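One structure is given below, encoded as structure tokens.
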Amino acid sequence: MTPKQADLIRHSFDAIWPVRRKVAELFYRRFFELAPDAQRLFPSDMERQHLKLMDMIAAIVGALDEHELFQSIIRHTGRQHADLGVKRSHFDTFGDALIWCLEHQFGAAFPPELREAWITLYDAVRTEMIRSGNMRRDCRESCVLSVTCLTPAANSCECRIATSRVATRPSR
């Protein structure tokens, strides 16, 4: 992402912040139209989710010039989404819904260079979130939890819990 693209994103995000609830509602309506199977991953009352979405985008936009913070936010979010069962296809659909939503919100004030900046940002976010989520899944699949009862008795039990790695996989 170029510095000019980062500036375009920051300025456009500042413009939608006052109407963030409307934007989030529009986004999720479109996202669920494109990926109805994803709706099971969300609560029935979406008000809080709307705010979480816009807060996350704000955090990402706010960290555009701070590479380590940017990567940390994305990795953490990617691991959370993996734990929730988000599919790879949902990430693609999410990006499509996001760009569609921005086009609808901005109308003629969403020129090709702004569109390209948002696509570039989302591609970077999607790639890192999927990578982080895959690493989380790989780790879960390669770890074994064992519980050993050290003092089996009718009225007490002292246990030892240990984890071990069964196999390692190369990073993607």
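Anything in the range 88-124 that is outside any helix (DSSP H, G or I) and surrounded by fewer than 16 Cβ atoms within 10 Å (Cβ to Cβ)? List them, or say none. Walk me through how you get there before you give the answer.
First, the residues of the range 88-124 that are outside any helix (DSSP H, G or I): 110-111.
Result: 111, single match.
When you look at residue 23, is it over 19 Å from residue 74 (Cβ atoms), in contact with a helix residue (DSSP H, G or I) (Cβ under 6 Å, 6 or more places away or on another chain), β-branched (Val, Ile, Thr) and modelled with pLDDT of 95 or more, yes or no?
Values: over 19 Å from residue 74 (Cβ atoms): yes; in contact with a helix residue (DSSP H, G or I) (Cβ under 6 Å, 6 or more places away or on another chain): yes; β-branched (Val, Ile, Thr): yes; modelled with pLDDT of 95 or more: yes.
Answer is yes for this residue.
Please verify whether the range 151-164 includes one or more residues that are among the basic types (Lys, Arg), at pLDDT below 55 and more than 19 Å from residue 30 (Cβ to Cβ).
Applying the first criterion (among the basic types (Lys, Arg)) to the range 151-164 yields 160.
Filter once more, keeping what is at pLDDT below 55: none.
So far as the range 151-164 goes, no, none of its residues is among the basic types (Lys, Arg), at pLDDT below 55 and more than 19 Å from residue 30 (Cβ to Cβ).
Looking only at the range 125-134, filter to residues that are crowded, with 16+ Cβ neighbours inside 10 Å and either at pLDDT 90 or above or β-branched (Val, Ile, Thr) (or both); which one of those is farthest from residue 32 (Cα to Cα)?
Step by step, filter the range 125-134, then rank; the result is 128.
Say we look at the range 35-44 and pick out the residues that are surrounded by fewer than 16 Cβ atoms within 10 Å (Cβ to Cβ) and not in a loop (DSSP other than H, G, I, E, B); which of these is modelled with the highest pLDDT?
Applying the first criterion (surrounded by fewer than 16 Cβ atoms within 10 Å (Cβ to Cβ)) to the range 35-44 yields 36-37, 39-44.
So of that shortlist, the ones also not in a loop (DSSP other than H, G, I, E, B) come out as 36-37, 39-41.
Values: 36: 96, 37: 93, 39: 93, 40: 92, 41: 91.
So, considering only residues that are surrounded by fewer than 16 Cβ atoms within 10 Å (Cβ to Cβ) and not in a loop (DSSP other than H, G, I, E, B), the one modelled with the highest pLDDT is 36.
Whether any residue in the range 9-25 is surrounded by fewer than 17 Cβ atoms within 10 Å (Cβ to Cβ) and closer than 24 Å to residue 131 by Cβ is what I want to check.
Among the residues of the range 9-25, not one is surrounded by fewer than 17 Cβ atoms within 10 Å (Cβ to Cβ) and closer than 24 Å to residue 131 by Cβ, which makes the answer no.
Just checking, does the range 46-56 include any residue being touching a residue at least 40 places away in the same chain (Cβ under 8 Å), more than 24 Å from residue 3 (Cα to Cα), more than 11 Å from the chain's Cα centre (by Cα) and surrounded by 15 or more Cβ atoms within 10 Å (Cβ to Cβ)?
No, the range 46-56 has no match at all.
Filter the range 1-35 down to the residues that are within 21 Å of residue 92 (Cβ to Cβ), basic (Lys, Arg) and without any contact (Cβ under 8 Å) to a residue 40 or more places away in the chain and list them by number.
The one that is within 21 Å of residue 92 (Cβ to Cβ), basic (Lys, Arg) and without any contact (Cβ under 8 Å) to a residue 40 or more places away in the chain: 29.
The values are calculated or read from the model by the stated rules, or taken from the named source; none is laboratory data. Here the structure is a predicted model, which is why all the values come from computation and not from measurement. Ideal geometry is used to build each Cβ from the backbone, glycine not excepted, and the neighbour counts take in all protein chains shown.
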